[in-house]
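Please treat every number below as a calculation from the coordinates, not as lab data. If you're wondering where the values come from, they're calculated on a predicted model, not measured in any experiment. Note that we place each Cβ from the backbone using ideal geometry, even for glycine, and neighbour counts take in every protein chain shown.
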Number of protein chains: 2
Amino acid sequence: MELEELNHAIVEFYEKLSSWEHDVVREKGLTLPQIHALEILGIHESMRMKELANWMGTTTGTLTVLIDRLEKKDYVRRCPHKTDRRSIIIELTDTGRQMFLEHDKLHMQLTETMVSDLTQEERECLHRCLNTMNKAF
Amino acid sequence: MELEELNHAIVEFYEKLSSWEHDVVREKGLTLPQIHALEILGIHESMRMKELANWMGTTTGTLTVLIDRLEKKDYVRRCPHKTDRRSIIIELTDTGRQMFLEHDKLHMQLTETMVSDLTQEERECLHRCLNTMNKAF
DNA sequence: ATTTTTTATTTGACACTCAAGTTTCATGGG
DNA sequence: CCCATGAAACTTGAGTGTCAAATAAAAAAT
């Protein structure tokens with residue numbers, strides 16, 4: 001029974017994060033998959049189409065047109081691969097990196113807000129719990 | 001600095017939940033918004049189009065065609081409203097309720113898995129933290 | 001009784017998703 | 001070296017979600 005309540009709290013947390021992300025992204029004139037691509041590129045640096053598709057859990061077919069649109073908005077750049085002429089490296093442009101940093105900052109601010117009513121001890125416990133749970137996937 | 005790590009753990013948690021949800025739903029031949037509608041109807045019982053749209057954070061225009069498709073798959077049923085002839089009540093069918101219960105069960109199982117390496121004390125702390133954070137939105 | 005608001009639907013433009021097919025290139029076996 | 005196989009990216013078509021704007025019907029307000 002206790003587990004059910006915990007499950008409920010997790011689901012609610014997930015729903016609220018999803019909704020927040022949706023709203024924040026739309027204000028920037030981007031879609032969820034688009035900002036997701038910028039996040040991955042921002043965190044892991046430049047990578048090939050195939051790699052990015054794997055990180056995003058989608059196909060290169062889907063990604064091609066998504067990158068077309070991000071390129072048109074000048075958030076991202078296609079560069080030739082050094083050694084493999086089949087591959088293409090996707091890089092953030094300066095405006096793309098700035099968009100990533102802004103979004104990252106919003107995430108940080110949200111975390112601060114969410115955590116503001118927790119004690120230091122609770123924060124540490126939460127951190128431990130999340131790390132353990134993230135490994136369990 | 002500590003807050004940044006906590007933020008990172010939250011984002012990672014969110015990403016993994018999103019990815020899990022995506023995969024699970026696709027196996028059932030449904031889309032994310034479709035299962036979301038079934039979840040809301042399963043938890044809060046029947047409701048009008050407008051109410052459901054509000055719960056889902058979308059417009060009734062979007063919802064109309066989504067409900068069309070769920071109705072075609074016999075997960076959901078349109079019923080006339082008792083007193084307001086403008087309104088339409090959306091109900092889960094038996095197969096729709098079963099789909100909801102199955103999905104709910106999977107969520108529960110995921111929670112069990114995630115939580116399996118936490119002590120009882122940690123689980124209680126996590127529960128407290130999530131409740132506090134959910135209120136802070 | 002007339003006007004305004006609410007509710008649902010329809011439609012058009014755009015985006016994401018996948019699968020299937022195409023092109024270009026890399027790699028390994030003959 | 002040549003060819004077969006596989007890999008990487010692109011293209012296309014069908015289906016779905018998203019929003020805004022327009023429409024129709026009914027309730028609420030004046």
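What about B:Gly61, is it exposed (fewer than 12 other Cβ atoms within 10 Å of the Cβ) and of a type outside the set (D, E, K, R)?
Details: exposed (fewer than 12 other Cβ atoms within 10 Å of the Cβ): yes; of a type outside the set (D, E, K, R): yes.
Yes: the conditions hold for B:Gly61.
Looking at B:Glu51, is it assigned to a helix (DSSP H, G or I) and surrounded by 17 or more Cβ atoms within 10 Å (Cβ to Cβ)?
No; evaluated as a whole, the condition is false for this residue.
Mind checking which residues of segment A:74-93 are free of Cβ contacts under 8 Å to residues at least 12 places away in the same chain and either charged (D, E, K, R) or on the phi > 0 side of the Ramachandran plot (or both)?
As a first pass, look at segment A:74-93 and keep what is free of Cβ contacts under 8 Å to residues at least 12 places away in the same chain: A:80, A:82-86.
A:Lys82, A:Asp84, A:Arg85, A:Arg86 - these are the residues of segment A:74-93 that are free of Cβ contacts under 8 Å to residues at least 12 places away in the same chain and either charged (D, E, K, R) or on the phi > 0 side of the Ramachandran plot (or both).
Can you tell me which residue in segment A:1-37 is farthest from A:Val76 (Cα to Cα), limited to those that are among the basic types (Lys, Arg) and more than 9 Å from chain B (Cβ to nearest Cβ)? Can you show your working first?
Residues of segment A:1-37 among the basic types (Lys, Arg): A:16, A:26, A:28.
Next, from what is left, pick out any that are more than 9 Å from chain B (Cβ to nearest Cβ): A:26, A:28.
Details: A:Arg26: 18, A:Lys28: 16 Å.
So the residue we want is A:Arg26.
Yes or no: B:Leu38 crowded, with 18+ Cβ neighbours inside 10 Å, free of Cβ contacts under 8 Å to residues at least 40 places away in the same chain and in contact with a Gly (Cβ under 8 Å, 6 or more places away or on another chain)? Lay out the reasoning, then the answer.
Working: crowded, with 18+ Cβ neighbours inside 10 Å: yes; free of Cβ contacts under 8 Å to residues at least 40 places away in the same chain: no; in contact with a Gly (Cβ under 8 Å, 6 or more places away or on another chain): yes.
No.
What number goes with the only condition from (1) surrounded by 14 or more Cβ atoms within 10 Å (Cβ to Cβ); (2) within 18 Å of the chain's Cα centre (by Cα); (3) assigned to a helix (DSSP H, G or I); (4) among the hydroxyl-bearing types (Ser, Thr, Tyr) that A:Thr95 does not pass?
So the condition that A:Thr95 fails would be (1).
Please go through segment B:1-35 and pick out each residue that is within 15 Å of DNA strand C (Cβ to nearest atom), part of a helix (DSSP H, G or I), within 23 Å of B:Leu101 (Cα to Cα) and of a type outside the set (S, T, N, Q).
Taking segment B:1-35 and keeping what is within 15 Å of DNA strand C (Cβ to nearest atom), we get B:15, B:18-35.
In the following step, the residues that additionally are part of a helix (DSSP H, G or I) were identified as B:15, B:18-27, B:32-35.
Of the ones still in play, those that are also within 23 Å of B:Leu101 (Cα to Cα) are B:18-27, B:32-35.
Hits for segment B:1-35 are B:Trp20, B:Glu21, B:His22, B:Asp23, B:Val24, B:Val25, B:Arg26, B:Glu27, B:Leu32, B:Pro33, B:Ile35.
Which members of segment A:4-53 meet the condition of being of a type outside the set (A, V, I, L, M), under 13 Å from the mean Cα position of the chain (by Cα) and more than 16 Å from DNA strand D (Cβ to nearest atom)?
Hits for segment A:4-53 are A:Glu39, A:Gly42.
Just name the residue that is nearest to the other protein chains (Cβ to nearest Cβ) out of those in segment B:77-102 that are β-branched (Val, Ile, Thr) and within 12 Å of DNA strand D (Cβ to nearest atom). Spell out how you get there, then give the answer.
Kept after step one, since they are β-branched (Val, Ile, Thr), are these residues of segment B:77-102: B:83, B:88-90, B:93, B:95.
Now restrict to residues that are within 12 Å of DNA strand D (Cβ to nearest atom): B:83, B:88.
On the way: B:Thr83: 31, B:Ile88: 24 Å.
Among those residues, the one meeting the criterion is B:Ile88.
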